[in-house]
Amino acid sequence: MIVRIVVSLPVLALFAGTAYAQVAGDAAAGEKVFKQCQVCHTAEPGKNKIGPSLYGVVGRKSGSAEGFNYSPAMKTANIVWTPENLDKYLTDPKAMVPGNKMAFPGLKNPQDRQNVIAYLAQLPKEKK
């Protein structure tokens, strides 16, 4: 029995690595995709535009960027912006958070979404 568990651990690690590779994107390519987002958002800490700053968004709770006036829907969505949740939101923002203020219809290309998420994830975390 112990041998079976020890042998299974490398197999589990292999599958875990594969799952991560599927959600990982190219941050440099994501910076280019982010140019579409810059009409409304910045990647600078505390600099909000029509939309909130996306600096430090990965891992942040929805509706919590300081100084931005969120819709009631986003304030109460209670979402943590994990890469998986960002991918779902960026696919169709209105479907994930009905009533949010974002007019953008979403990024339909899965690789574009993964790349922009990789770009946002590599930005430094907000200092508290």
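Bear in mind these aren't lab numbers, they're just calculated from the coordinates by the rules spelled out. Being a predicted model, the structure only gives us computed values, none of them experimental. Please note: Cβ atoms are built from the backbone with ideal geometry, for glycine as well, and neighbour counts cover all protein chains shown.
So here's what we get for this one:
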quantity	calculated
Residues that are in a loop (DSSP other than H, G, I, E, B) and either under 18 Å from I50 (Cα atoms) or in contact with a Phe, Trp or Tyr (Cβ under 6 Å, 6 or more places away or on another chain) (or both), drawn from the range 108-124	L123
Unmet criterion (only one of (1) free of Cβ contacts under 8 Å to residues at least 24 places away in the same chain; (2) in a loop (DSSP other than H, G, I, E, B); (3) surrounded by fewer than 19 Cβ atoms within 10 Å (Cβ to Cβ); (4) out of contact with any Phe, Trp or Tyr (no Cβ under 6 Å at 6 or more places or on another chain)) for Y70	(1)
Some residue of the range 26-38 being of a type outside the set (K, R), surrounded by fewer than 14 Cβ atoms within 10 Å (Cβ to Cβ) and touching a Phe, Trp or Tyr at 6+ places or on another chain (Cβ under 9 Å)	yes
Of residues in the range 73-88 being among the aliphatic types (A, V, I, L, M) and under 13 Å from the mean Cα position of the chain (by Cα), the one surrounded by the fewest Cβ atoms within 10 Å (Cβ to Cβ)	V80
Every residue from the range 89-126 that is charged (D, E, K, R) and either touching a residue at least 24 places away in the same chain (Cβ under 8 Å) or surrounded by 15 or more Cβ atoms within 10 Å (Cβ to Cβ) (or both)	K94, K101, D112, R113, K125, E126
The range 33-51 residues that are in contact (Cβ under 8 Å) with a residue 40 or more places away in the chain and under 16 Å from Q122 (Cβ atoms), paired with ones that are assigned to a loop (DSSP other than H, G, I, E, B) and basic (K, R) (beta carbon under 9 Å, 6 or more apart)	P45/K127
